[in-house]
Every structure is written in structure tokens, then in C-alpha cells.
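Engineer: I have a structure I would like to understand better, so I am pasting it below and will then ask my questions one at a time.
The values are calculated or read from the model by the stated rules, or taken from the named source; none is laboratory data. A quick note: this is a predicted structure, and the numbers were derived from the prediction, not measured. Here the Cβ positions follow ideal geometry from the backbone for every residue, glycine too, while neighbour counts run over all protein chains shown. Accessible surface is based on the protein model in full, side chains and every heavy atom, while ligands, DNA and RNA are left aside. Shrake-Rupley method; radii C 1.70, N 1.55, O 1.52, S 1.80 Å.
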Amino acid sequence: MTSSPSAKTVVRPLNNKASQGKRQPNPRSRHFSVRGVLLWVLLLLSAGLFLALAALPVGRVASVAISVAVVVAAFVLGRFAQKFWHARTLTVLLLAFVTFRYFFWRLTGTMPPVDDLVNFIPGVTLFAAEALSFVLFLTSLFVIIDPLSREPSEPTGDPAFWPTVDVYIPSYNEDAELLETTLAAAVSIDYPKDKLRVYLLDDGGTDQKMTQANAEAAASARERRTTLTALCERLQVTYMTRARNEHAKAGNINHAFKQTDGDLVLILDADHVPTVGILQATVGFFQKDSGLFLVQTPHFFVNPDPVEYNLGTFERMPSENEMFYYSIQPGLDRWNGAFFCGSAAVLRRAALEEVGGFAGETITEDCETALELHSRGWRSVYLPRPLIAGLQPETFDSFIVQRSRWTQGMIQLFLLKNPLFKRGLTVPQRLCYLSTMLYWFFWFWRPIFLLSPLCYSLFGLEIYRINLPDFACFVIPHVFAAAFLSQFLHGRMRWPLFSELYEYLQSFHVSRAALATIIRPRNPVFKVTAKGQSVDEDGFSPLATPFIVVTFLLALGLGACAWRYAIFPEHRAAILPVAVWTLLSFTLALGGLAVVYERKRVRRQERFTVDRPAVLTFADGTAIDVTVADVSAGGVGMDVEGRWRDRLSQPENPVLTITATETESATTTGVRVHRLEMRGGTLSVGAGFAPRDRQDIVEMARFVFGNSVGWDDFLDRKRVRAPTFFGGLLFFVTQVLPRLGHVLLALPGAVFRILTLRAP
């Protein structure tokens, strides 16, 4: 199946108001046909046979032989996966077969007896966690079995008939400097100016905030409105606010939606700076398919999140979000299940009007809106091209605030608008949404997987009945197949152990928000993620306590395993698997400890590496070639020939002109030299932007964020083939160990504060 437009799609101008509410029928007909019924019967019979073979009981030797044969066959088939779609599918099914065999053996051969409640209750809890993650495993395989890869679609025909576009930039507490960059870039988007309108939707300067009882906060809100109004006037942007802060981001956007009339709406977060080509790459999709409601693009980030920063992996391996944006979303797109992610997306007004605007029953208004529109037969497109540059949370506590909101919103959707029972969705769409929502229950299974071996090592409980031969026959093939499958499907997007690390780091704090949502699903309140925060000095995060405690417990568990191995030689076959499990958990816990010990981080504007030619021009017209080595919203770093040192070190420090020569659009703006440093025969120049007028401000944004080709190059440099499981484990350890020295020095003080009931 595909969500690409039919060849018979009629292209009609989107600014024709009479036709806005009409759309082509969904090509995925909901009417049953004989062929469709036969196909489903065949699929069900095949699945039944697959499960029966996986559950077939055989001896240990035969089981090992089957597992080895299946993995070898999958390895051989995987070599042809790029050329033949069926080879990819068969590879996935073969590796899944090994996991199915493990799961059936796990169910029938490892559970404690029911009459032994001390072992049975924690044993069932562990099995429930495995079962839930197994369901996620199955739905995820369905989602990514055959991902789509789309190219940009430029608008066609007479520009006079191109759709009008409203650019919404909702804001709450972001400072004017950050907003100026985003607004300037939005104004400079390459699109007919009479069809592009930019709006700053300010929820930080509402009437409610300016008249609140707290006099200081009210004065701050009035000052904010004055400052941002002046900024918008300078950039020729429409400033818009409202009377009251109701329904959070969804309410803010809906307020603007009712007062504007663009055919399409481009949503940008306040810190998501668009490239000039974002509409040139996306509007064409809407012209080709009148039943399309969404074109979503990836969220590309120019700064490391707390994990990447504290472990030093930002420029060495793919970021956490890349698996979602470059593997899962293209898979969802295959089944017309790609959904709105809150920003970097273009939506059709006519579709939104059909459901009354952006949904606001949950705090994830983006996915909820997509779910409602998909259920009404509208289609979506995912374009895997980075067309915005954004900021990630800088501190661990802001990271947790963000992830808690996502978790709460997805659990709300699961409880209030479960896709399995949502009328209008196709079966593949139900599975796509179910897979997305199930992931956000990781806070349940990840701590259980991590801590379960302590039941045996510390308390002697047998919640997972296993011996060394069974460990070799079932567990090792399952782990190997799962690692191979992950590398096969996500090899360039996700490296071993880092998914587990992210889930572990979120689990303890996110779980409280998740449980509160399960108890009262309508209670969660939207909390804005703080950006631009700093860490003034090295030290443990205020949220570090559970990670210190878990690391201590797992270290104790390892010691207990060694003690049991020495004292009880007759139990060594059972102790070894537990020891291996505990060691892996302890390794993960050390990684978590290295992350929550936050390193000093005070840079106000994130700088990212580029390799871009440019021309620097002096006031007298002299021009020299330079290479831009790094850029930020505040300035550029350049490599220049050493002979220009004297000329660049003039005491009056004049404003020079820099021109980018290889970007999506010609860009020229002012800079002022602040730093000179000789490195070998090359002069390293640090310069800050010095805009001379409104046009320079716009051009400055284009210079930094206007070249998405450079972003692709940056991503590709990190997307080397992932190491094997053992290679990934080694990489993980080499990133963690160098940082543990500082952690251990600070640990006694943190433990003392925990014991005296104070946060680290």
C-alpha cells in the first residue's frame, strides 16, 4: 500500500474557496471486496502457520540448529535487501521467527508455579513487561517493513494561483533574541510575498497575563508585549495575542486560525528556524492531491540534548530522534499513517475546518489532530528532508519536562481516543497509531528489565526459571537476532544500548506523570519546555537521586552474584545468566550516572560545524575568499589565509560584508571581527553578526539557516553503519568511562544529600 497520490489526481488551485471543502475519495476503499477478503484470509492463515512453527517444541540441539540456520539465512538475505523488497521482508520475518520461538519458550518453560506467590507475582510482572514490549515489537515491524522515500514537490503552474500560506509561530516565554531569528527566517521564505503572511502568536503577553494579581509578572508581560510588537513591526510580521491563556498551544493556534484565511498553514515552534525552501519543497504535494491534509518534515536540531552533551556523542553518532524521523515516520507514511509532530509541518485549512481546527482534548494536539483527520479519510505525506533547525532541551530537568508531556499526551490518546476503536481508520492506520502510543509505556517495562536480576542476586527469588543450556538455546539467539534486526532496520539511525539508555533515563520521573494520567486522563496540563537554559557548573542534576540509588543496588547485585557463585557451586549454571544480565544493567546505569552528572554549559547560542565557501568584503570593496567553519545565530567562525591578518585586525573594527556563495538563496549580511587566532598557516576568525538594517537581519537568518543541504551533510557524516552489538557495547563503554572520574569524586556528597533528604 502507498499514500502517494493517484495518477488520476486532479490538480485544482487551492485558493478557490468553492472547492476547498471537496476532496477526492480515499483510494483505500473501506468496502470489502472478494479479493480483499481472500487476501486477509491468506494473511491470517500464513500468520497462523508462522506461529505454529515458532511454537513447535523440539529438543535443545534442534532448537540451536534452527536458530543458527535462521539467523544465517537472514544474514544472507539481508545482503540483497536494498535491491529486492521481498528479501527485506523475508529477512525481517526470519529474525522475528527467532524472537517468537523465545517468547513461546518463555511462556511455557520459565514461569514460576502459581502456588509459589513469592516468586510468581514478580515473575508475572516481568513477563507482563516482556509481553507488552513484544506487542510493540510486532507492531513496529509492521510499521517499518517497507518505508517510503519521497522527494520534494515544488509548486507548479502560474504563481498567481498558488495557495496562500499563513505561517504560525506560537510563543509563550521565549526571549526576543530567539524569536527574532525565527521570524526573520520565516519572512525570508522563498514564496510569493503576496501569498505569504507571518504571524507571531504570543501567549506570553495576553490580556490575562498583563492584568494578573502579581504586579511584577504583570509588568513583565506588558514589557514583553511592547518589545515583541516593536520586533514584529521592524520585521513586518503580524503580532497576535489573545485575551486569555486557554487550552495551551492548541488554543493559541486556534485563536489565530479563526482570524486568518490562508489556504495552507505552516506551523513553526518558536525555536524552529525554517530554511528558505520549506514551502518550495512541500506546497506541490497539496496541488497534486486535494485529499491531502498534511506534509510533515523532520525536526533537525543544531544543539546536543543532555545525553549527547554529557557523553560527547553529538557529532559522533546519530541523534535519538533520527530513528523516528528517518525510519519510523517513512514507515508510517507507507500506510498513510504519518502524523503531525507539532512543528515543521504544512496543513490544509479546509481539512482543519472540517474538525473545528486543531484538536485540544489532549496535550499532544499534533498527533490528536492527525488522528481525527485520518479517521475522516484525509491523507498525509512525510518528506524526509530537514527544512527547519531547532533547539533541544539543554538541561536534564527540561528534557524530563518535555518527555513527560509527550508521555502524558500519548497515554491520553490511548485512553480517550484508542485507535483500535476509532471509527474511520484503516487496519494499517490502527496498527500505526497503536505502535506509536505503545512506545510511551516504556516507563513500565524498562525499570523492570533493568532491576529484575536483583530478585535472584539479592533475595534468592526464582522469577525467571532458567539454566545455562536454556540460556544458550533460547536467550542468546533471541538477543543476537534482536540486535541484528535492529541494526538491519535502523543501522544508520540508532546504535546499540542508546535507545535503552534514553528509556532508562526517562522512566523513573516520567512514570509519575504517566500513572497520574492513567488515573485521571483529562487532568494533564500543557507545560512549555524551557530552551536556552544553562548549567553554570559541573554537578549532579536535581533529578539524579533515583539513578544514584539504582547504580548502588546493581553494584550490590553484582557483588551478590560473585558471592553466590563462590558459595553455591551447584547453582552456578543459574547464577551466570543472572550475572550477565546484572552486568549489562549496571553498564546502562553507569551511562545514566554519567548523563545526570551535568557538565558546565553556558553558551547562549549553539554553534554547529559546517564547511561552506563565502566571500568577505571590506568597506573599500576588497573581497577575499573564506571558508565558513561554524555558524550560530550570533556569528560565524571562518578560516582565512594568514596574509590577511593585519587587514582584519584594524583597531576601528568596522562592519564587513559576508556573502554565502553556495546556499539555496544568495545571502549577504554584516559581520564584525571579534577574534583572530593563527592555527598552522590558517587564520581562524571569529566574527559576530552586525546587522545594519532590517534586510541584514533577514539575510543573517538566511545565512545561518537557509542551507538545508548543509544539514543533510551534517547528518550524513554521523550516519556511518552502526557497529555490531559488541562493537556498540564497546563504544558505549568508551564514552562513559572517561566521565566517571568526576562522577565518583562528586558521588559522596550526592549520597550524603540523599541520606539527609536533600536533592543532589
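Engineer: Quick check, is Thr139 within 26 Å of Phe441 (Cα to Cα), outside any loop (DSSP other than H, G, I, E, B) and open to solvent by less than 40 Å² (accessible area, probe 1.4 Å)?
Structural biologist: Values: within 26 Å of Phe441 (Cα to Cα): yes; outside any loop (DSSP other than H, G, I, E, B): yes; open to solvent by less than 40 Å² (accessible area, probe 1.4 Å): yes.
For Thr139, the condition - within 26 Å of Phe441 (Cα to Cα), outside any loop (DSSP other than H, G, I, E, B) and open to solvent by less than 40 Å² (accessible area, probe 1.4 Å) - is met.
Engineer: Could you identify the single residue in Ser46, Ser67 that is at pLDDT below 70, in a helix (DSSP H, G or I), open to solvent by less than 100 Å² (accessible area, probe 1.4 Å) and of a type in the set (Ser, Thr, Tyr)? Spell out the reasoning first.
Structural biologist: Working: Ser67 fails: at pLDDT below 70.
Unique residue meeting the criteria: Ser46.
Engineer: Counting only residues that are aliphatic (A, V, I, L, M) and in a helix (DSSP H, G or I), which one in region 109-128 is least open to solvent (accessible area, probe 1.4 Å)? Please lay out each step first, then the result.
Structural biologist: Initially, region 109-128 is screened for residues aliphatic (A, V, I, L, M), giving 111, 114, 117-118, 121, 124, 126, 128.
Checking the rest, the ones that are also in a helix (DSSP H, G or I) come to 117-118, 121, 124, 126, 128.
Working: Leu117: 102, Val118: 97, Ile121: 101, Val124: 53, Leu126: 3, Ala128: 43 Å².
Result: Leu126.
Engineer: When both residues are 6+ apart or on different chains and their Cβ atoms are under 6 Å apart, which pairs have a first residue that lies in region 562-587 and is within 19 Å of Asp470 (Cα to Cα), and a second that is hydroxyl-bearing (Ser, Thr, Tyr) and open to solvent by 70 Å² or more (accessible area, probe 1.4 Å)?
Structural biologist: Here the result reads Arg572/Tyr565; Ile575/Tyr565, each pair linking region 562-587 to a residue that is hydroxyl-bearing (Ser, Thr, Tyr) and open to solvent by 70 Å² or more (accessible area, probe 1.4 Å).
Engineer: Quickly run through region 350-369 and pick out the residues that are touching a helix residue (DSSP H, G or I) at 6+ places or on another chain (Cβ under 8 Å) and assigned to a helix (DSSP H, G or I).
Structural biologist: If the condition is that a residue be touching a helix residue (DSSP H, G or I) at 6+ places or on another chain (Cβ under 8 Å) and assigned to a helix (DSSP H, G or I), then Ala351, Leu352, Glu354, Glu365, Cys367, Glu368, Thr369 are the ones that fit.
Engineer: Which one of Tyr191, Tyr168 is assigned to a strand (DSSP E or B), among the hydroxyl-bearing types (Ser, Thr, Tyr) and surrounded by 14 or more Cβ atoms within 10 Å (Cβ to Cβ)? Outline the logic, then answer.
Structural biologist: Numbers: Tyr191 fails: assigned to a strand (DSSP E or B).
From the options Tyr191, Tyr168, the qualifying one is Tyr168.
Engineer: Let me ask another. Could you run through region 495-525 and say how many residues are outside any helix (DSSP H, G or I) and either touching a Pro at 6+ places or on another chain (Cβ under 9 Å) or at pLDDT 95 or above (or both)? Before the answer, list the steps.
Structural biologist: Taking region 495-525 and keeping what is outside any helix (DSSP H, G or I), we get 495-497, 520-525.
Pick out the ones that are also either touching a Pro at 6+ places or on another chain (Cβ under 9 Å) or at pLDDT 95 or above (or both) and you get 495-496.
Residues in region 495-525 being outside any helix (DSSP H, G or I) and either touching a Pro at 6+ places or on another chain (Cβ under 9 Å) or at pLDDT 95 or above (or both): 2 in total.
Engineer: Is it true that some residue in region 317-339 is crowded, with 21+ Cβ neighbours inside 10 Å and at positive phi?
Structural biologist: yes
Engineer: Could you check region 259-274 and list, in sequence order, the residues that are in contact (Cβ under 8 Å) with a residue 40 or more places away in the chain, part of a loop (DSSP other than H, G, I, E, B) and more than 17 Å from Asn303 (Cα to Cα)?
Structural biologist: Thr260, Asp261, Gly262, Asp263, Leu268
Engineer: From the list Glu233, Glu246, Glu223, Glu216, which residue is in contact with a His (Cβ under 9 Å, 6 or more places away or on another chain), open to solvent by 40 Å² or more (accessible area, probe 1.4 Å), free of Cβ contacts under 8 Å to residues at least 60 places away in the same chain and not in a strand (DSSP E or B)?
Structural biologist: On the way: Glu233 fails: in contact with a His (Cβ under 9 Å, 6 or more places away or on another chain); Glu223 fails: in contact with a His (Cβ under 9 Å, 6 or more places away or on another chain); Glu216 fails: in contact with a His (Cβ under 9 Å, 6 or more places away or on another chain).
That would be Glu246, the only listed residue that is in contact with a His (Cβ under 9 Å, 6 or more places away or on another chain), open to solvent by 40 Å² or more (accessible area, probe 1.4 Å), free of Cβ contacts under 8 Å to residues at least 60 places away in the same chain and not in a strand (DSSP E or B).
Engineer: Restricting to region 285-316, give me the number of residues that are on the phi > 0 side of the Ramachandran plot and either touching a strand residue (DSSP E or B) at 6+ places or on another chain (Cβ under 6 Å) or buried (at least 23 other Cβ atoms within 10 Å of the Cβ) (or both). It would help to see each step written out before you state the result.
Structural biologist: Of the residues in region 285-316, the ones on the phi > 0 side of the Ramachandran plot are 312.
From what is left, the residues that are either touching a strand residue (DSSP E or B) at 6+ places or on another chain (Cβ under 6 Å) or buried (at least 23 other Cβ atoms within 10 Å of the Cβ) (or both) are none.
So the answer is 0.
Engineer: Only one of Phe324, Phe421 is free of Cβ contacts under 8 Å to residues at least 12 places away in the same chain and assigned to a loop (DSSP other than H, G, I, E, B). Can you tell me which? Quick ask: steps written out before the conclusion?
Structural biologist: On the way: Phe324 fails: assigned to a loop (DSSP other than H, G, I, E, B).
From the options Phe324, Phe421, the qualifying one is Phe421.
Engineer: How about region 550-564: which of its residues are of a type in the set (Gly, Ala, Ser) and crowded, with 16+ Cβ neighbours inside 10 Å? Before you say what the answer is, go through the steps one by one.
Structural biologist: Kept after step one, since they are of a type in the set (Gly, Ala, Ser), are these residues of region 550-564: 555, 557, 559-560, 562.
Those that are of a type in the set (Gly, Ala, Ser) and crowded, with 16+ Cβ neighbours inside 10 Å: Gly557, Ala560.
Engineer: While we're on this one: Taking region 370-411, which residues are part of a helix (DSSP H, G or I), buried (at least 22 other Cβ atoms within 10 Å of the Cβ) and among the small types (Gly, Ala, Ser)?
Structural biologist: Ala370, Ser404, Gly409
Engineer: In region 142-161, which residues are more than 25 Å from the chain's Cα centre (by Cα) and part of a helix (DSSP H, G or I)? Even if it seems obvious, please write down each step before you answer.
Structural biologist: Here is the first cut: in region 142-161, the residues more than 25 Å from the chain's Cα centre (by Cα) are 154-161.
Within region 142-161, Pro159, Ala160, Phe161 qualify.
Engineer: Considering every residue within region 526-549, establish whether at least one is modelled with pLDDT of 95 or more, open to solvent by 40 Å² or more (accessible area, probe 1.4 Å) and within 23 Å of Thr734 (Cβ to Cβ).
Structural biologist: Within region 526-549, none of the residues are modelled with pLDDT of 95 or more, open to solvent by 40 Å² or more (accessible area, probe 1.4 Å) and within 23 Å of Thr734 (Cβ to Cβ).
Engineer: Now for a separate question. So Arg106 passes all but one of these: (1) in a helix (DSSP H, G or I); (2) within 24 Å of Arg348 (Cβ to Cβ). Which condition number does it fail?
Structural biologist: (2)
Engineer: Are any of the residues in region 449-470 under 30 Å from Glu174 (Cβ atoms), modelled with pLDDT of 90 or more and crowded, with 19+ Cβ neighbours inside 10 Å?
Structural biologist: Checking region 449-470: not a single residue is under 30 Å from Glu174 (Cβ atoms), modelled with pLDDT of 90 or more and crowded, with 19+ Cβ neighbours inside 10 Å.
Engineer: Among the listed residues Arg348, Arg316, Arg379, which satisfies the condition of being at pLDDT below 95 and basic (Lys, Arg)? Give the derivation first.
Structural biologist: Working: Arg348 fails: at pLDDT below 95; Arg379 fails: at pLDDT below 95.
Exactly one residue qualifies, and that residue is Arg316.
Engineer: Please determine, by comparing only the residues of region 701-750 that are in contact with a strand residue (DSSP E or B) (Cβ under 7 Å, 6 or more places away or on another chain) and of a type in the set (A, V, I, L, M), which one is surrounded by the fewest Cβ atoms within 10 Å (Cβ to Cβ).
Structural biologist: Applying the filter and picking the extreme gives Ala746.
Engineer: With the structure loaded, tell me whether Thr181 is open to solvent by 10 Å² or more (accessible area, probe 1.4 Å) and touching a helix residue (DSSP H, G or I) at 6+ places or on another chain (Cβ under 6 Å) or whether it fails that test. Steps first, answer last, please.
Structural biologist: On the way: open to solvent by 10 Å² or more (accessible area, probe 1.4 Å): yes; touching a helix residue (DSSP H, G or I) at 6+ places or on another chain (Cβ under 6 Å): yes.
In short, yes.
Engineer: Counting just the residues of region 420-439 that are aromatic (Phe, Trp, Tyr) and open to solvent by 30 Å² or more (accessible area, probe 1.4 Å), which one comes out farthest from Phe120 (Cα to Cα)?
Structural biologist: Within region 420-439, the first condition is being aromatic (Phe, Trp, Tyr), and the residues that meet it are 421, 433, 439.
Next cut, open to solvent by 30 Å² or more (accessible area, probe 1.4 Å) only: 421, 439.
Numbers: Phe421: 33, Tyr439: 26 Å.
If we take residues in region 420-439 being aromatic (Phe, Trp, Tyr) and open to solvent by 30 Å² or more (accessible area, probe 1.4 Å), then Phe421 is farthest from Phe120 (Cα to Cα).
Engineer: Right, another one. Which one is nearest to Ser486 (Cα to Cα), of the residues in region 287-307 that are in a helix (DSSP H, G or I) and out of contact with any Asp or Glu (no Cβ under 8 Å at 6 or more places or on another chain)? Outline the logic, then answer.
Structural biologist: Restricting attention to region 287-307, the residues satisfying the condition of being in a helix (DSSP H, G or I) are 287-288, 306-307.
Those still in the list that are out of contact with any Asp or Glu (no Cβ under 8 Å at 6 or more places or on another chain) too: 287-288.
On the way: Gln287: 37, Lys288: 36 Å.
The residue in question is Lys288.
Engineer: Suppose we keep only residues that are within 32 Å of the chain's Cα centre (by Cα) and of a type outside the set (A, V, I, L, M, F, W, C) within region 226-241. Which one would you say is nearest to Val698 (Cα to Cα)? Walk me through how you get there before you give the answer.
Structural biologist: Of all residues in region 226-241, those within 32 Å of the chain's Cα centre (by Cα) come to 228, 231-232, 235, 237-241.
This time we only want the ones that are of a type outside the set (A, V, I, L, M, F, W, C), so: 238-239, 241.
Working: Thr238: 16, Tyr239: 17, Thr241: 23 Å.
For region 226-241, the residue satisfying everything is Thr238.
Engineer: Let me ask you something else. Of the residues Thr241, Thr282, which single one is crowded, with 22+ Cβ neighbours inside 10 Å, modelled with pLDDT of 95 or more, more than 24 Å from His299 (Cβ to Cβ) and in contact with a strand residue (DSSP E or B) (Cβ under 6 Å, 6 or more places away or on another chain)? Quick ask: steps written out before the conclusion?
Structural biologist: Details: Thr282 fails: more than 24 Å from His299 (Cβ to Cβ).
That would be Thr241, the only listed residue that is crowded, with 22+ Cβ neighbours inside 10 Å, modelled with pLDDT of 95 or more, more than 24 Å from His299 (Cβ to Cβ) and in contact with a strand residue (DSSP E or B) (Cβ under 6 Å, 6 or more places away or on another chain).
Engineer: Of the conditions (1) open to solvent by less than 20 Å² (accessible area, probe 1.4 Å); (2) modelled with pLDDT of 90 or more, Ile567 satisfies every one except a single condition; which number is it?
Structural biologist: It is condition (1) that Ile567 fails.
Engineer: Could you list, in sequence order, all residues of region 632-647 that are within 25 Å of Asp611 (Cβ to Cβ) and either touching a Leu at 6+ places or on another chain (Cβ under 6 Å) or free of Cβ contacts under 8 Å to residues at least 12 places away in the same chain (or both)?
Structural biologist: Let us first name the residues in region 632-647 that are within 25 Å of Asp611 (Cβ to Cβ), namely 632-645, 647.
Result: Val640, Gly642, Arg643, Arg645.
Engineer: From the residues in region 478-494 that are open to solvent by less than 20 Å² (accessible area, probe 1.4 Å) and modelled with pLDDT of 85 or more, which one is nearest to Val580 (Cα to Cα)? Please lay out each step first, then the result.
Structural biologist: So the first thing to find is which residues in region 478-494 are open to solvent by less than 20 Å² (accessible area, probe 1.4 Å), and the list is 481, 485, 491.
Pick out the ones that are also modelled with pLDDT of 85 or more and you get 481, 485.
On the way: Ala481: 18, Leu485: 21 Å.
Ranking the candidates gives Ala481 first.
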